[in-house]
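A quick write-up on the structure given underneath.
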Amino acid sequence: MTEPISEEEVAHVAHLARLRLSDQELEIFTRQLGAVLEHAKDVEALQLDGIEPMSHPFPLENVTREDEVGEMLEREKVLDQAPAAEDGRFQVPQILGEQP
């Protein structure tokens with residue numbers, strides 16, 4: 001049986017993806033990619049005439065509730081529970097070295 005993909009093809013794809021593969025990695029990935037391609041052949045061989053495509057195997061229903069206007073929290077009570085607050089807002093640590 002011929003291999004579904006050769007080491008040369010895997011090396012070419014790795015080169016296009018700017019990946020450096022050792023000989024051992026090349027052998028491993030050729031085997032793994034070959035297994036994936038063999039499975040794709042199995043899927044392609046399935047007789048799916050008359051079977052409607054679907055996005056999910058089970059019927060889905062919207063399980064969200066309707067929006068309801070509720071009682072608002074008081075800003076001061078919420079900010080009192082925060083680890084840090086400043087000028088009526090949550091205070092969070094600076095990120096990425098940004099200056100205030």
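The values are calculated or read from the model by the stated rules, or taken from the named source; none is laboratory data. Note that the coordinates shown come from a computational prediction; the quantities given were computed from them, not determined experimentally. Heads up, the Cβs are rebuilt from the backbone with ideal geometry, glycines too, and the neighbour counts pull from every protein chain shown.
For the reader, a short list of remarks on this structure follows.
- Applying the criterion of being exposed (fewer than 10 other Cβ atoms within 10 Å of the Cβ) and more than 33 Å from the chain's Cα centre (by Cα) to the residues of the range 85-100, the residue that is modelled with the lowest pLDDT is Pro100.
- First in the range 62-81 and surrounded by 10 or more Cβ atoms within 10 Å (Cβ to Cβ), second anywhere and modelled with pLDDT of 90 or more and not small (Gly, Ala, Ser), Cβ under 8 Å, 6 or more apart: Leu79/Arg89; Leu79/Phe90
- Qualifying residue in the range 19-26 (condition: surrounded by fewer than 11 Cβ atoms within 10 Å (Cβ to Cβ), aliphatic (A, V, I, L, M), in a loop (DSSP other than H, G, I, E, B) and free of Cβ contacts under 8 Å to residues at least 24 places away in the same chain): no
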